[in-house]
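Visitor: Below is the structure I would like to discuss, written out as structure tokens.
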Amino acid sequence: MSFRYISVVRRGERLLQRVASRNCSSHERSLQLLSRYAGQDSVGSIVRRWTILRKNLPKGFEKFFPKQGKPPAENAARPPPPKEAPKTEPPPSSRSSGRQRESSFGQGDKKPDFNFNFGKGRSPFGDPNDPNTKMLIGLITGVGIVGLIGLYQTQYKEITYKDFVQAYLSRGNVERLEVVNKKWVRVKLLPGTQVDGSSVLWFNIGSVEAFERSLENAQLEMNIEPANFVNVIYKTETEMAAMVYSALNILLPLAVIIWLFRRSANMFQGGGRGGSRGGGGGIFGFGQSTAKIIKEDIGVKFRDVAGCEEAKVEIMEFVNFLKNPQQYIDLGAKIPKGAILTGPPGTGKTLLAKATAGEANVPFITVSGSEFLEMFVGVGPSRVRDMFATARKNAPCILFIDEIDAVGRKRGGRNFGGQSEQENTLNQLLVEMDGFNTQSGVVVLAATNRVDILDPALLRPGRFDRQIYVPSPDIKGRASIFKVHLKPLKTDVNKEELAKKMAALTPGFSGADIANVCNEAALIAARDLNTSIQMHHFEQAIERVVAGLEKKTQVLQPEEKKTVAYHEAGHAVAGWFLEHADPLLKVSIIPRGKGLGYAQYLPKEQFLYTKEQLLDRMCMTLGGRCAEQIFFNRITTGAQDDLKKVTQNAYAQVVHFGMNEKVGNLSFELPQQGELVFDKPYSEQTAQLIDQEVREIVKEAYDRTIALLTQHKSDVEKVALRLLEKEKLDKEDMVELLGKRPFAEKSTYEEFVEGTGSMEEDTTLPKGLESWNKERESSEGSPTDGDEKAKATS
């Protein structure tokens, strides 16, 4: 649309340039040129295009061109004026020919309508506060400026001094030269001289003296007498382009600064663009909270959450607080203000929050703890205030802060870098949760993996009244989680039995690990173009998650492969003949992940360990190193990971669990991985004693394993040779080679859950939470009222 209008204007502009560029001395000459160029092919085509634009209006522009015969909306009630015979007035003589041409190009005798009516008011631009009017004014202004600049640029044509001398000065076409502002020269040609595009010629000069000297030398070379030299006139003019450029350099930054100040003022007053939710937006809106109010269905329900029934009941109770507060108020109870979900990664803390948002039937506001931290000072506290203001407006509601440890770390005396800003944000969070300005109706939920680094003031009752620990699921919980994730999978295996079997094969797995196993099984089945997922696909998925990707293409030298086979055989045989070692499921010498081989065991669902059990685990872990020593009389670097586990086990016995007689029943906190340790909580003498006792424990386990594998040396050799032949051995192969394991072991789901009270996870809800997400009707009505309601519904 804009291109059409601009093209019409450009055609008129070219017509005027062709007429105005003729530098004629007589007025009659100008009239003749106007009559000659303003003919049917020029003005007529322009009027015809304009008429087409007025009749075929694009969609959205109808309000700017009201149709004929339809009165405006505000004058619709007035009766139409009586029709009169059309009066014909003779046009002025000076424009008679032009008017006749205009009428001849329209449809019939009707003239093109140029009546522009913008808006509802008398002003051609309507209401100045109307956004459409402002946009229209800006569009017209921009097109006008572009048109003026284009007209200004097309009138002047830049040439070089060499072109000026050769093409114009040597031919005697120059009337005079005008030096403007001592910067550039305007060339005035003799009347009647043809110039391409009817443009004004000009060229830049370095200095006036150099220009005069060059011009004089050029005319002398052309044998022009000094009396006939071209006249040079010096002028001082105001250059419009330079003025506009200078004005824009001043006005544009000033306009941007004014706009920023006005916007920041609106933000602080709560009137930011689109409405600041809390009024503390600040400049650029950085102070606005990034919290989102979940309104649409996110597709997660509480039936999708399994393996953490106790935590699920706690969350349901919070929703019931908001939906049915009278149930608790009648007993004098107060609604808890918040709860924090803690536990290992992948256990379902955020999933519980998503399920709450999907079924709470109350406004659910979610935000991440890292969103409060910015490089600008004061942004964090401002966002906290804005977030709680939004929550109070939507009360009763639930406010969920994910990864709250990003903003809730312990405060310390060292305020350097971003520490001070983080503490200010935490202080504002503490005030909003339990200060003078608190209000009821907002329940705060939070989730973190590092509850140990949170500030104690944040965890106290009154802010987070409850700490809900979400542990890794037990075998019953894993079975429930597998049932949830197996529902959408296509498999011919019985999903109930499959879930129980997989739960027994995945001890220590979190909910996220189980979801990954189910997805990997589907991917493996699809990779081989299977129509359904089989049991061996799930077993391969467990190996993929536990040990990493299988590397069949990794090349091992025969000596290395033999060493790996005996190393893994040492692990398998040592675990087979140790009472407290975990039962072996599979052993392989196919490289996976970072390892060259691996052995898969089936640990018990056990929470307490004796000293004898820990020692047996150490011996099983040292089986690979001992087998290398026995069969090759040398050791390799393949046992590095085994030695790391043995060292951690030994130090845990001495330092953490108090299982050493010389150190005594003492427990010292062990540093976390990656944590900086500046000092130890015990003396240097105690440290030396601990190191000595750890070495004794490891040496005792090593000697015991050497003796065990020496006794069963033939068994180790049989397993190693079979590994070199098949590369992978299952439990059935181990029974065939070594006989039945001499110790009782559990391997099925039924054996693991035997004696625990039930075969399935208990998912029953307390009576008070059976309708946890529904508002209950008031029980104050009379029985007759209830009977009438029952009849009405029936």
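Visitor: For region 621-725, what is Rg from Cα atoms divided by 2.2 N^0.38 Å, rounded to two decimals? If you can, show how the numbers build up before the last one.
Guide: On the way: Rg = 17.3 Å, N = 105, 2.2 N^0.38 = 12.9 Å.
That ratio works out to 1.34.
Visitor: If you roll a 1.4 angstrom probe over the protein chains with everything in place, what fraction of the accessible area of region 688-778 belongs to carbon and sulfur, to the nearest %? The partial results should precede the final answer.
Guide: Details: 2870 of 5960 Å².
Summing carbon and sulfur atoms, their accessible area is 48 percent of the total for region 688-778.
Visitor: In region 483-553, carbon and sulfur make up what percent of the accessible area (probe 1.4 Å)?
Guide: It is 51 percent, rounded to a whole number.
Visitor: Given an 8 Å cut-off on Cα distances and at least 6 residues of separation, report the relative contact order of region 655-770 as a percent. Could the numbers behind the result be given before it?
Guide: On the way: 39 pairs, mean separation 13.8, N = 116.
For region 655-770, the relative contact order is 12 percent.
Visitor: Now for a separate question. Determine, for each peptide in 525-531, 208-214, the mean count of other beta carbons within 10 angstrom over its residues, then list the peptides with the highest first.
Guide: Working: 525-531: 11.1, 208-214: 12.9.
Going from most to least packed, we get 208-214, 525-531.
Visitor: With every protein chain present, what is the per residue accessible area of region 397-552 (1.4 Å probe, Å²)? Walk me through the intermediate numbers first.
Guide: Working: 7270 Å² over 156 residues.
Value returned for region 397-552: 47 Å² of accessible area per residue.
Visitor: I've got another one for you. Quick one: pull the percentage of alpha-carbon pairs in region 573-615 with a separation above 16 Å. Provide the component values of the computation, followed by the final result.
Guide: Details: 428 of 903 pairs.
Above the 16 Å cut-off, region 573-615 has 47 percent of its Cα pairs.
Visitor: Over all directions, the average projected area of the alpha-carbon convex hull for region 298-382 comes to how many nm²?
Guide: On the way: hull surface 31.1 nm².
Averaging across all directions leaves 7.8 nm² for the Cα convex hull.
Visitor: While we're here: Once phi is turned into θ = phi - 60°, what whole-Hz ³J(HN,Hα) does the Karplus curve with 6.51, -1.76 and 1.60 give for every residue of region 247-259, x standing for Gly and Pro?
Guide: Here the 3J(HN,Hα) series is 5, 5, 4, 8, 6, 5, x, 5, 5, 5, 5, 4, 5 Hz.
Visitor: Here is a further query. Would you please give the residues with an amide H less than 5 Å from that of Lys410, counting only those at least 5 places away or on a separate chain, with H modeled from the backbone geometry?
Guide: Asp455
Visitor: Moving on to the next point. Evaluate the Debye formula for region 514-654 with equal point scatterers sitting on the alpha carbons, no solvent, and hand back log10 of I(q)/I(0) at q = 0.09, 0.13 Å⁻¹, in q order, two decimals.
Guide: Here log10 of I(q) over I(0) equals -0.33, -0.67.
Visitor: If R0 is 60 Å, what FRET efficiency do you get for Asn494 and Gln640 from their C-beta distance, rounded to 0.05? Don't skip to the answer; put the middle values down first.
Guide: Numbers: r = 43 Å, r/R0 = 0.72.
With a Förster radius of 60 Å, E is 0.90.
Visitor: Once both labels are modelled 7 Å past Cα along the beta-carbon direction, what's the Ile140-Gln467 spacing in nm?
Guide: Each label point lies 7 Å from its Cα, and together they span 7.0 nm.
Visitor: Something else now. Heavy atoms only, probe 1.4 Å: what % of the accessible area of region 287-355 goes to carbon and sulfur, would you let me know? Could you put the intermediate results ahead of the total?
Guide: Values: 1710 of 3140 Å².
Carbon with sulfur: 55 percent of the solvent-accessible area.
Visitor: Calculate the translational D of region 503-556 in whole µm² s⁻¹ from Stokes-Einstein, where the hydrodynamic radius comes from the Kirkwood formula applied to all Cα pairs, the temperature is 10 °C and the viscosity 1.306 mPa s. List each step's numbers first, then the result.
Guide: Working: Rh = 11.9 Å.
Diffusion coefficient, whole number: 134 µm²/s.
Visitor: So if we plug the beta-carbon distance of Glu158 and Val256 into 1/(1 + (r/R0)^6) with R0 = 41 Å, what FRET efficiency do we get, rounded to 0.05? Intermediate values should be presented prior to the final figure.
Guide: Values: r = 33 Å, r/R0 = 0.80.
My answer for the efficiency is 0.80.
Visitor: Additional query: With θ set to phi - 60° and the Karplus curve 6.51 cos²θ - 1.76 cosθ + 1.60, what are the ³J(HN,Hα) couplings of region 354-362 in order, to the nearest whole Hz, using x for Gly and Pro?
Guide: Computed from phi, the couplings for region 354-362 are 5, 5, 4, 5, x, 10, 6, 6, 10 Hz.
Visitor: Compute the signed sum of charges (Lys and Arg +1, Asp and Glu -1) over the other residues within less than 9 Å, Cβ to Cβ, of Gln540. Mind dumping the intermediate values first?
Guide: Numbers: positive: Arg544; negative: Glu520, Glu539, Glu543, Glu550.
Once all neighbours under 9 Å are counted, the net charge is -3.
Visitor: Beyond 17 Å, what percent of the Cα pairs of region 587-679 remain?
Guide: Details: 2739 of 4278 pairs.
Considering region 587-679, 64 percent of its Cα-Cα pairs are separated by more than 17 Å.
Visitor: Need the full-extension length gain, Thr748 to Tyr682, defined as separation in residues times 0.36 nm minus the C-alpha distance. One decimal, nm. If you can, show how the numbers build up before the last one.
Guide: Values: separation 66, 0.36 × 66 = 23.76 nm, distance 4.53 nm.
Full-extension gain reported as 19.2 nm.
Visitor: Further question: If each of Glu669 and Asn228 carries a label point 7 Å out from its Cα toward its Cβ, how far apart are those two points in nm?
Guide: 10.6 nm
Visitor: A follow-up question, please. How much area per residue is accessible in region 619-704 when the probe is 1.4 Å and only protein heavy atoms are counted (Å²)? Could you put the intermediate results ahead of the total?
Guide: Details: 5660 Å² over 86 residues.
Value returned for region 619-704: 66 Å² of accessible area per residue.
Visitor: Skipping prolines and chain starts, which residues have an amide H placed within reach, meaning under 5 Å, of the one on Gly338, given they are 5 or more residues away or on another chain?
Guide: Sorted by chain and number, the residues that satisfy this are Val444, Asp465, Arg466.
Visitor: Another question about this same structure. What are the extents of the Cα atoms of region 478-597 along their three principal axes, in Å, largest first?
Guide: Each principal axis gives a Cα extent; for region 478-597 these are 46, 37, 22 Å.
Visitor: Here's a follow-up. Cross-link list Lys349/Lys662; Lys349/Lys728; Lys611/Lys713: which exceed 32 angstrom alpha carbon to alpha carbon? Walk me through the numbers before you get to the answer.
Guide: Details: Lys349/Lys662 43 Å; Lys349/Lys728 38 Å; Lys611/Lys713 27 Å.
Flagged as over cut-off: Lys349/Lys662; Lys349/Lys728.
Visitor: Something else about it: Counting only the heavy atoms of the protein chains, how much of Asp452 is accessible to a 1.4 Å probe, in Å² to the nearest 10?
Guide: 90 Å²
Visitor: Be a star and scan region 589-629 for residues whose amide nitrogen sits under 14 Å from the point 7 Å along the Cα-to-Cβ vector of Lys718.
Guide: none
Visitor: From the C-alpha coordinates alone, can you work out the Kirkwood hydrodynamic radius of region 465-520, in Å? It would help to have the intermediate numbers written out before the result.
Guide: Working: mean 1/r = 0.0852 Å⁻¹.
11.7 Å is the Kirkwood radius here.
Visitor: Here's a follow-up. So with the 1.4 Å probe, I'd like the accessible area per residue for region 328-386, rounded to whole Å².
Guide: On the way: 2490 Å² over 59 residues.
Here the per-residue accessible area is 42 Å².
Visitor: Two-decimal Rg/Rh of region 340-399 from alpha-carbon positions, Kirkwood Rh?
Guide: Numbers: Rg = 13.7 Å, Rh = 13.2 Å.
Checking Rg against Rh, the ratio lands at 1.03.
Visitor: Grab the beta carbon distance between Val735 and Leu459, set R0 = 41 Å, and tell me the FRET efficiency rounded to 0.05. Intermediate results must be reported in sequence, preceding the final value.
Guide: Details: r = 52 Å, r/R0 = 1.27.
So, using R0 = 41 Å, E works out to roughly 0.20.
The values are calculated or read from the model by the stated rules, or taken from the named source; none is laboratory data. Everything quoted here is computed from the prediction, not taken from an experiment. Using ideal geometry, Cβ is built from the backbone for each residue, glycine included, and neighbour counts are taken over all protein chains shown. Ligands, DNA and RNA are stripped out before the accessible areas are found, and what is left, the full protein with its side chains, is counted by its heavy atoms. Shrake-Rupley method; radii C 1.70, N 1.55, O 1.52, S 1.80 Å.
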